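The values are calculated or read from the model by the stated rules, or taken from the named source; none is laboratory data. Model, not experiment: these values are computed from the prediction. Here the Cβ positions follow ideal geometry from the backbone for every residue, glycine too, while neighbour counts run over all protein chains shown.
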Amino acid sequence: MGKRVGVVDLDLEGPGLHVIFGVSDTEVKATINEVLQHKAPISQSVVDLTSKIQLKAGCLIFCPAGHKLDEILSILDSGFNLYTFKRVLEDLARDYNLDYLLIDSHPGIEKDTLLSMALCDYLVLISRVDQQDLFGSGVMTEVASQLRKPVVLILNMVPSSVSEKEASKIADRLAELFHLHVLTALPFNSDVLENLSKGVFVLEKPKDPLTKRFTEIATKMLEAIETGLSDDVSANEPKSQSVA
């Protein structure tokens, strides 16, 4: 869509986006862990994927998290503060003139997740249609409410036995129960599992029906922002998404 997008892997306990993006250790000068621990500037952690995934318009930059055991243990032991994280995101958005900044956070209520929620313009929850996931989504929605952050819910891996009409009814009930906006319900797709995280699904399977759904989601997300999903969201500033 021609947007300049940044993605930060903040799942510090179980990073994995570098695998999907096909980023090898030799391409990484520094991780977001090192940046947050003041060991490296944000510029050294940026991997430009624009050419790698052959984007014809816009750009995609990626800041990987450390996936080696010592890196994970170090950041979990020392942690990082809100001020440092805020400055890192501001520098990233400014230096690369980003339109959107997506933060892939750790599932559940962890410190890194709470910090990303505190700084983001809105929160995108991804939940399966089962009691455990929906309970967790309810808790996260309550936290977002306390932080006065708008929430969008995406239902994922809806079983094939659940019709689209039934999924829509479930979405409506959840929207009413949690006081949030349900963006869409994605059906279970075996092609995603068979992809084995070996690449970006929409690039690996451009003709798959699910790829079309992802494109529709992106369009809806842009429309939601442009129509004012939150009074705090300015159309002239980079938008931060925390995806739990």
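When you check Asn195 against the structure, is it at pLDDT below 80 and loosely packed, with under 13 Cβ neighbours inside 10 Å, yes or no?
In short, no.
The rows are residues; the columns are (1) surrounded by 13 or more Cβ atoms within 10 Å (Cβ to Cβ); (2) closer than 19 Å to Val200 by Cβ; (3) small (Gly, Ala, Ser).
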site: Asn33; (1), (2), (3): yes, no, no
site: Ala40; (1), (2), (3): yes, no, yes
site: Leu49; (1), (2), (3): yes, yes, no
site: Gln54; (1), (2), (3): no, yes, no
site: Asp70; (1), (2), (3): no, no, no
Across the stretch 61-95, the tally of residues that are at pLDDT 95 or above and aromatic (Phe, Trp, Tyr) stands at 1
Qualifying residues in the stretch 1-31 (those that are surrounded by fewer than 19 Cβ atoms within 10 Å (Cβ to Cβ) and touching a Ser or Thr at 6+ places or on another chain (Cβ under 6 Å)) - the one nearest to Ser78 (Cα to Cα): Ala30
Do we find a residue being crowded, with 20+ Cβ neighbours inside 10 Å, closer than 28 Å to Val152 by Cα, β-branched (Val, Ile, Thr) and in the same structural domain as Ile42 (by TED's automatic domain parsing) anywhere in the stretch 79-86? no
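Looking only at the stretch 140-155, count every residue that is over 18 Å from the mean Cα position of the chain (by Cα) and hydrophobic (A, V, I, L, M, F, W, C) and tell me the total.
1
Which one of Leu114, Leu125 is within 15 Å of the chain's Cα centre (by Cα) and assigned by TED's automatic domain parsing to the domain that holds Phe62?
None of the other options fit; the residue is Leu114.
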Looking at Arg94, is it surrounded by fewer than 18 Cβ atoms within 10 Å (Cβ to Cβ) and basic (Lys, Arg)? yes
Only residues that are without any contact (Cβ under 8 Å) to a residue 60 or more places away in the chain and among the polar types (S, T, N, Q): list them for the stretch 179-203, please. Thr184, Asn189, Ser190, Asn195
